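Structure first, then comments.
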Amino acid sequence: MDAAVSTILESLPTRHRQVLLATATDWRDTRGELQLLSRNDTGWRPREGDTIGVSFGRGGFAWGSRRPGGRRADPVKTEGDGCSPVGIFGLGPAFGYASGPPAGCRLPYRQATDRDFWVDAPEAPEYNRWVTLPAGEDPATRWRCWERMRRDDAQYSMGLVVHYNLGPVRPGAGSAIFMHVWRAAGDSTAGCTAMNPEGMQEVLAWLDPALRPVLLQGPLSALSLLATPPLPGAPGGSGDDST
């Protein structure tokens, strides 16, 4: 395991006993791999079996909230930049088109219907929130831009909310960051982390909310910087504070 990743894992509070590790090599990479890691009495161990191939944002990566000191040339995520956020993030709920969760899923689950929207307009009070509208109400009367949670394709047929920019919400810092099914094998996203349906189902069945799972994500060069305190999730860190 990469030394920087090991340092970050050992620095996580002991309440976190599952990690989804999504990595690439460089900042502009749009493809990478996902490992499922568990903590036991002797340390962190990868789940047996192959890693899961994933795709990232079309713009590569950007720091989740603020750069580590001295990294002024590195990008920080903003709304619409097409970048996947770098940092450590809480997870959940799971979501999908079915009325109930996929087999084995223990996470809280929310069905996505044609009345469900994720608000992308930074000026809206509901920015970066999932909102269910009354039947017949047009979202265009409420917001300048939004995302339909019940899409016309399979991308949100199974998914997982990533706790990016959720607490507190920073207008314009980016919204609607999920893990979900990819549109086609290897296709980049608008900033989410995507994989094949089998991989998504595998992830949802593996995660245990009692083990306080988190997502650790970014290019390996960035994770080496995160290995130096303060870590994301701590005051002054570079990830979301909702872990």
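All of the numbers you see were taken from the coordinates with simple rules; none came from a lab. Nothing here was measured: the structure is a model prediction, and the numbers come from that model. Using ideal geometry, Cβ is built from the backbone for each residue, glycine included, and neighbour counts are taken over all protein chains shown.
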Considering only PRO139, PRO102, PRO125, give the residue with the highest GNM mean-square fluctuation for the chain, with springs between Cα atoms whenever their separation is below 10 Å. PRO125
Between the modelled labels at SER221 and ARG129 (7 Å from Cα along Cα→Cβ) the distance in nm is 3.9 nm
Segment THR42-ARG106, length gained on full extension (0.36 nm per residue, minus Cα span): 20.5 nm
The chain: most fluctuating residue of HIS180, HIS16, HIS163 per GNM, C-alpha cutoff 10 Å: HIS16
Test of understanding: in a Gaussian network model of the chain with alpha carbons linked when under 10 Å, which of GLY199, GLY191, GLY136 would top the mean-square fluctuation ranking? GLY136
Kindly express, to the nearest 10 degrees and within the range 0 to 90, the angle between helix 197-206's C-alpha long axis and the longest C-alpha principal axis of the chain. 70 degrees
Indicate, rounded to the nearest 5 percent, the antiparallel portion of the DSSP beta bridges found entirely in the stretch 3-226. 65 percent
Starting from the Kirkwood radius over alpha-carbon pairs of the stretch 3-226, derive D by Stokes-Einstein at 25 °C in a medium of 0.890 mPa s and give it in µm² s⁻¹. 138 µm²/s
DSSP-defined antiparallel bridges as percent of all bridges, the stretch 49-137, nearest 5: 30 percent
